[in-house]
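Colleague: After the structure tokens below, expect a handful of questions from me.
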Amino acid sequence: MKDLLALLFGAAIVVFYSYDRFNRTTDEAGQQLQRLVNLLSPDKLRSGRVVFNAYTFYALTFLVIYFFLCAYAELIPALGGPDLTVGASKLPSLASEENTQTPVGPLFVQTSGGVIDTILHQSLTAPGASTSARQSIEIGIDSSTSMAVALMIVGLAPAFPILQRFEAWMRGAAHRFAGIPTRVLSVRDELRTETMNLNLGSDGVIPSETLLIPRSDWARLSYYKSHAKGLREVTEDFHSDLALVFAVSAWVIDHKLKLSNQHARERFSHLEEELKNRKGLLVAALDEKTEFSTRGQSREKLGDEVSSPAVLGVELGTSSPESWDRLVSDVDNLADDVCLLLAIYIEHDIIVSEPASVHSKTTQGSIPIQRKLAREKLELFLKEHLSDQGDPPRLISYTAVTGLWVFSIVAIVAILWSLFIGPLELRLQLGQASDPYWRIMVYLSTSLTAYCIPMFTALAIRDGSTQLRRWRNFLLSDWTIVVPQAAFVLLVSWGVATLLILGVALWQAGVTLGWDVSAERFWSTLRFAFAYNAPTAVRGAFLALIVVLILDARRASKWLPWLRKSIRISLLLAVGAAICMGIIGGGTRYLSSLAGTLEASVPRQGIDHIDRGLIAYAAIYTALLAFCVVFSVAEVVRNQRLRPSLARPQAKAG
């Protein structure tokens, strides 16, 4: 019991302490963010939901590695790590001696929900197994091994090079899966192709519509343009970048426009302060280069807004003025980082599109009018990147919601099946009764492995590809795109679940046969485990593909009206999925039965009545599970889609 608690405690350490490692920056594409005060951490570069999905993917991967290294601790020295003399060297075993000498045969007994561990089977059905014997099962992993492996994974203890390199690669993969930092950088790059059109008056006259930009900045824009006319280094982009810097500084950094989500904005106060200081330094350098403060507009004409370098908090050095090449480069870099700030604020819904009713309100006074015009100018510049306050956030994939529903439905169906139908199925397969508590644990664990792992993998692929704008909607794309994408989702989701099953199979082989087996026995064990259990993961992969199709239907305009009609559509989809999955469930169980006949200690001629009964159970269980999952997901999608359209008129009316 102490070893089991240590194993679970180590898993908790991996989950909670690995976040610090996940949150390290992995941007290696030309040091694009190096000009900022501090490189922004991943949790600041994407919204909280996206970061949580990516971290879940990262943490689950290292949980699998954690359990693997705990079970196979003797492999750590071979990988370049420290020599752990305890741990997996003490293998899991039963107290009774006869069970440790299990004859060679199938390592797994399969039910409709998945695979049953032979050790569990023995503890339930062995004639001489008593209650005390059942309770004497040990996991065989020493507590010190669990803690040592957990601390190595999260970096609190020295890790070996292979683990460190894999952690860096896995962290980068999780960041790419979430679009970190490619999402905000792509928005930044798109904004750099746009132009902030500020209409300068002729002959240096400041326009009446100042758009909340200080008159001193207007005067500078006009004076810099006239002074630099004809210079080879100064192009029109230079003046456009200056206009962008002055406008965003006034509207966003100087808080002249009211933005949303102030709590999230506080996390970027240091970034605003850095950009403000850099703008002050740049203005001071340009003033010195063009002699704006001595030969530019008079203070009387500009009022009290003209700020000297001292007021700006900048000290000019005694060195000669910067060259125009350097100034042009500084303006370009500052405009890049200003657009990056806008991209981050768009990502965190700090800048959102105001409803049309707000823009149409009658304003009184000069300042409200200028604020309205400035807001319109900012939204025109940001265009399609903004999300509407009346609409759901951008790129909602419902990955977390769908995953939670699928996990809950699979768990409930597995438990109910184990209580009411499971006794009949196991009696048919094993020939005798089984303990209900063990049966619940077995059905629950095997169903989660066979169905939830492929589902989570498929949802992760879709969510990551959507964030990177590489996902092609199944219902809107050509078949030449749909078929390879569907094949990729099926193959990867099936492969991940199969790898987990094979890992358990090999670990169990070491338990039942001993670790000192020949290479021939190892490959025969692996071959049988794959042939017998790989078809089971196919069910979860196809069910995951069906769920992905339903999620894509939400974003397909030609299918959405049909999907959102009524609950009968959800029922129709669930019935269709149940029929398809029932056929797949029976077919995959048939393949497993064939593998069982080939590998049995006493060869059989073919499928017998027991196999046919188990095929029927598998078909019914898979169909029932598919019906519940598809109906629930379809209803979630339908109601989530209808909710904004029902709430929007009320918001506008208010």
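Colleague: So what's the convex hull volume per residue for the Cα atoms of the stretch 167-301, in Å³?
Modeller: 165
Colleague: Scattering from the C-alpha atoms of the stretch 398-540 alone, worked out with Debye: what is log10 I(q)/I(0) at q = 0.13, 0.17, 0.19, 0.22 1/Å?
Modeller: Those come out to -0.75, -1.06, -1.17, -1.30, one per q.
Colleague: Can you give the Kirkwood hydrodynamic radius of the stretch 411-484 from its Cα pairs, in Å with one decimal? All intermediate terms of the calculation are to be shown ahead of the outcome.
Modeller: On the way: mean 1/r = 0.0662 Å⁻¹.
Radius from the Kirkwood sum: 15.1 Å.
Colleague: Still on this structure, I have one more. Please give the length that would be gained between Arg470 and Arg568 if that part of the chain were fully extended, namely 0.36 nm times their separation in residues minus their C-alpha to C-alpha distance (nm, one decimal). Mind dumping the intermediate values first?
Modeller: Details: separation 98, 0.36 × 98 = 35.28 nm, distance 3.28 nm.
Residue separation times 0.36 nm, minus the Cα-Cα distance, leaves 32.0 nm.
Colleague: Excluding ligands and nucleic acids, what accessible area in Å² is computed for Asp43 using a 1.4 Å probe, to the nearest 10?
Modeller: About 40 Å², ignoring ligands and nucleic acids.
Colleague: Same structure, new question: Using the structure shown, select from Lys44/Lys276; Lys256/Lys377; Lys225/Lys289; Lys256/Lys276; Lys289/Lys377; Lys229/Lys377 the pairs with a Cα to Cα distance greater than 22 angstrom.
Modeller: With Cα atoms farther than 22 Å apart: Lys289/Lys377; Lys229/Lys377.
Colleague: Cβ neighbours within 10 Å, averaged per peptide: list 259-270, 221-232 in order, most packed at the top. Spell out each step's value before the answer.
Modeller: On the way: 259-270: 13.2, 221-232: 15.0.
Packing order, densest peptide first, comes out as 221-232, 259-270.
Colleague: Spin-label point model (7 Å from Cα, Cβ direction): what's the Phe530 to Ala12 distance in nm?
Modeller: Between Phe530 and Ala12, the label points sit 3.9 nm apart.
Colleague: Also, quick follow-up: Evaluate the distance, in nm, between pseudo-label points positioned 7 Å from the Cα of Ala400 and of Ala168 along their respective Cα→Cβ axes.
Modeller: 3.1
Colleague: Can you pull the one-decimal nm distance between simple spin-label points at Trp479 and Lys276, each 7 Å off the Cα toward Cβ?
Modeller: 6.1
Colleague: Follow-up question, since we're still on this one. How much length is gained if the chain between Ser366 and Asp20 is pulled fully straight, taking 0.36 nm per residue apart and subtracting their Cα-Cα distance, in nm to one decimal? If you can, show how the numbers build up before the last one.
Modeller: On the way: separation 346, 0.36 × 346 = 124.56 nm, distance 4.92 nm.
The span from Ser366 to Asp20 would gain 119.6 nm if fully extended.
Colleague: For the stretch 413-486, what is the accessible area per residue in Å², given a 1.4 Å probe and the full set of protein chains?
Modeller: Per-residue value: 46 Å².
Colleague: Let me ask something additional. What FRET efficiency do you get for Arg521 and Phe52 if R0 is 30 Å and r is their Cβ-Cβ distance, rounded to the nearest 0.05? It would help to have the intermediate numbers written out before the result.
Modeller: On the way: r = 44 Å, r/R0 = 1.45.
Computed FRET efficiency for Arg521 and Phe52 comes out at 0.10.
Colleague: Report the full-extension gain for the segment Val575 to Val205: residue separation times 0.36 nm, less the Cα-Cα distance, to one decimal in nm. Walk me through the intermediate numbers first.
Modeller: On the way: separation 370, 0.36 × 370 = 133.20 nm, distance 7.19 nm.
Gain on extension, Val575 to Val205, equals 126.0 nm.
Colleague: Moving on. Quick one: ranking Trp251, Trp169, Trp471 by accessible area, 1.4 Å probe, largest first, what do you get?
Modeller: Per-residue accessible area, sorted high to low, gives Trp169, Trp471, Trp251.
The values are calculated or read from the model by the stated rules, or taken from the named source; none is laboratory data. These numbers come from a predicted model, not from an experiment. We place every Cβ from the backbone using ideal geometry, glycine too, and count neighbours over all the protein chains shown. Please note that ligands, DNA and RNA were not included when accessible areas were found on the heavy atoms of the full protein model with its side chains. Shrake-Rupley method; radii C 1.70, N 1.55, O 1.52, S 1.80 Å.
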